[in-house]
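Nothing in this text is a laboratory measurement; each read-out follows from the coordinates by a stated rule. Worth saying up front: this structure is predicted, and the values here are computed from it rather than measured. In this analysis, Cβ positions are derived from the backbone assuming ideal geometry, glycine residues included, and neighbour counts consider all displayed protein chains.
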Amino acid sequence: MDILRRIAEERIRTAIERGEFDNLQNKGKPLDLREDTSIPEEIRIAYKVLKNAGYVPPEIELKKEIVSLKELIDTIDNDEERLKKIHQLNAKLLRLNTMLKRPIYLEDSLERQE
């Protein structure tokens with residue numbers, strides 16, 4: 001995965017040097033990252049109320065668990081323990097895919113979580 005990240009960084013750097021990002025809409029304006037664009041517009045306000053009350057939707061909580069488990073797996077040296085955690089990770093990914101009724105891949109989940 002490091003090689004893909006390096007390739008992406010190099011392509012971004014090249015595009016910046018060529019000025020391909022100079023005329024983007026809203027350039028220089030802060031992004032509003034509070035709004036989750038993956039949530040349908042008609043239920044966003046309900047999710048916002050729930051969020052303000054301290055409630056987190058189950059799929060978001062599950063994504064956080066997946067990220068934590070992936071980070072933990074990267075630190076485990078014991079093969080038996082690592083395999084056990086990988087099985088747990090796969091089960092959580094399967095549950096998330098079922099909840100969302102569409103496949104979600106580990107890399108997508110991790111990237112969008114931040």
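Going highest first, how would you order 60-71, 41-52 by mean Cβ packing within 10 Å?
60-71, 41-52
Which peptide among 5-16, 78-89 comes first, and what is the full order, when sorted by highest mean count of other Cβ atoms within 10 Å?
Per-residue mean Cβ counts within 10 Å order the peptides as 78-89, 5-16.
Per-residue HN-Hα couplings for region 44-54, Karplus 6.51 cos²θ - 1.76 cosθ + 1.60 at θ = phi - 60°, whole Hz, x for Gly and Pro?
For region 44-54, the Karplus curve yields 4, 5, 5, 5, 5, 4, 5, 5, 5, 8, x Hz.
Would you mind getting me the FRET efficiency between Ile12 and Thr98? Use the beta-carbon distance for r and R0 = 35 Å, nearest 0.05.
Here the calculated transfer efficiency is 0.50.
Under a plain spin-label model, where a point goes 7 Å from the Cα along Cα-to-Cβ, how far apart in nm are Asn26 and Gln88?
3.7
Where does the charge balance sit around Glu65 when Lys and Arg score +1, Asp and Glu -1, over other residues with C-beta under 10 Å from its C-beta?
+4
From the cross-link list Lys63/Lys85; Lys29/Lys101; Lys27/Lys48, which pairs have alpha carbons spaced over 23 Å apart?
Check vs 23 Å cut-off fails for Lys29/Lys101; Lys27/Lys48.
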